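Here the structure is laid out as structure tokens; the discussion comes afterwards.
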Amino acid sequence: MSRPEYEASADVFYNALEAKKYARSSRMQAIQTQLTDRALELLLLPAASEGNGETQPSLLLDLGFGSGISGARLADKGHFVVGVDISKCMLDEAVDAGNTEENADAILADLGKPLRFRPGVFDGAISISALQWLCSAIRSEVPAATIATASASTREENEEDMESCEEDESDDDGHSRSRSPNADANEVAMSHDASSDGAATSTVNSLSAAAARGAALVPSAAGDAKPNAPYKRLRCLFQWLFASLKTGGRAVLQFYPDSPQQVEMVTSAALRSGFGGGIVVDYPNSTKAKKFFLVLWVGGSHLPDQQQQLQQLQAAALGTDGPAHIESARRERQKNIRRGKSSKATVTRREWIEKKKEKQRLQGKKVRHESKYTGRKRKDRF
């Protein structure tokens, strides 16, 4: 089965039909909610002053807002969310589901293009299953001359072409109405409490919807067929993201890489943009349950050193349920010294079984507990 990011660009792949299927899927909702909770845990946001285990309300950036499942989850936790997505049909589904009505706003824009938010405005950023789309060289096949020479009339025609994603609803009295996302507004103003008293206020100036739509559809002048085009788009993303986060802010980006080379490319683009951090892998021994999180932070003089940061991430990964999550780090290669058979430690039957069960627990499988009968041989007769 081919990966969707290699079939078409995100704004083309998630048309009205695919967006509706994605938003209505209960399985997708459960997975997105679980991944959002995990990303929120890795953000290490400051705790609330009440001491009830909750975190302070923060202004968070959701990269790849989609149908608003992750944004709604963050809003339920008391945070204020600004979402960015390239698919208008997905944002329409978010508006229809009411995921942008409370503590959340959405912007129609391309993550691989510069987004000029106010510097240091966001307390943190998350991304669920969106980063791998930037690793693909496939883009929207729209002639650059058509967009470059667009006037007011041509912009209206482009909006009419995008109306195929919108569905008209009829009221009880027979009048029809059309739905449009909050991205059609020229500015998105959001206020959030930066302290427990709720005295501080932050304002986020967004892009124009028409300018964002044009930037999302214009192909690059150098052509996306070049192998370095995805890397340039990643560098562009991490550069404006680095400028948008406050000092000490973190970004947790969950993605599905197709190869170790892609992980190295994403990590290199983030570190060269000024971030510190690394890759956190959940359930590394499982093929299906394995999840990759790129955890980044903006450094500062008041922050703990990098070693303490890694210890905090590892503690958050391990949690209280045991080694269900581990952090991947570079390990020095050790020379394998061949030893004679006499020096090999003998492994008993019980030890082999316990080792096998521990491996299955790391894979997330249900395993029976050990008992005094574990590893014993059954009797030959009943």
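Considering every residue within the stretch 230-247, establish whether at least one is among the polar types (S, T, N, Q) and either touching a strand residue (DSSP E or B) at 6+ places or on another chain (Cβ under 6 Å) or modelled with pLDDT under 60 (or both). Working first, answer last.
First pass over the stretch 230-247, keeping only residues among the polar types (S, T, N, Q): 239, 244, 247.
From what's left, either touching a strand residue (DSSP E or B) at 6+ places or on another chain (Cβ under 6 Å) or modelled with pLDDT under 60 (or both): 244.
Within the stretch 230-247, one or more residues are among the polar types (S, T, N, Q) and either touching a strand residue (DSSP E or B) at 6+ places or on another chain (Cβ under 6 Å) or modelled with pLDDT under 60 (or both).
Checking the conditions here, which among Leu60, Leu44 is touching a residue at least 12 places away in the same chain (Cβ under 8 Å) and under 14 Å from the mean Cα position of the chain (by Cα)? It would help to see each step written out before you state the result.
Numbers: Leu44 fails: under 14 Å from the mean Cα position of the chain (by Cα).
Just a single option satisfies the conditions, and that option is Leu60.
Thr267 fails exactly one of the following numbered conditions: (1) more than 19 Å from Gly64 (Cβ to Cβ); (2) buried (at least 16 other Cβ atoms within 10 Å of the Cβ). What is the number of that condition?
Thr267 satisfies every listed condition except (1).
Only one residue in Glu327, Glu351 is of a type in the set (Asp, Glu), modelled with pLDDT of 80 or more and surrounded by 12 or more Cβ atoms within 10 Å (Cβ to Cβ), so which one is that? Before the answer, list the steps.
Values: Glu327 fails: modelled with pLDDT of 80 or more.
Criteria check complete, one pass: Glu351.
Of all residues in the stretch 3-26, which are part of a helix (DSSP H, G or I) and under 18 Å from the mean Cα position of the chain (by Cα)? Give the steps one after another, and end with the answer.
The initial filter retains those residues of the stretch 3-26 that are part of a helix (DSSP H, G or I), namely 4-6, 10-13, 16-24, 26.
Residues satisfying the conditions are Pro4, Glu5, Ala10, Asp11, Ala19, Tyr22, Ala23.
Let's see how each residue does on (1) surrounded by fewer than 24 Cβ atoms within 10 Å (Cβ to Cβ); (2) polar (S, T, N, Q); (3) over 11 Å from Ile126 (Cβ atoms):
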| site | (1), (2), (3) |
| --- | --- |
| Leu60 | no, no, no |
| Leu63 | yes, no, no |
| Gly66 | no, no, yes |
| Ala75 | yes, no, yes |
| Phe80 | yes, no, yes |
| Asp85 | no, no, yes |
| Ala94 | no, no, yes |
| Ala97 | yes, no, yes |
| Thr100 | yes, yes, yes |
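So in the stretch 265-299, with the set limited to residues that are part of a loop (DSSP other than H, G, I, E, B) and among the hydroxyl-bearing types (Ser, Thr, Tyr), which one is modelled with the lowest pLDDT?
Step one: filter the stretch 265-299 for residues part of a loop (DSSP other than H, G, I, E, B), giving 273-275, 283-290, 298-299.
Still in the running and among the hydroxyl-bearing types (Ser, Thr, Tyr): 273, 283, 286-287.
On the way: Ser273: 92, Tyr283: 90, Ser286: 85, Thr287: 82.
Across the stretch 265-299, the extreme among qualifying residues is Thr287.
The values are calculated or read from the model by the stated rules, or taken from the named source; none is laboratory data. Because the structure is a prediction, the values reported are computed rather than measured. Every residue, glycine as well, gets a Cβ built from its backbone with ideal geometry; the counts of neighbours run over all protein chains shown.
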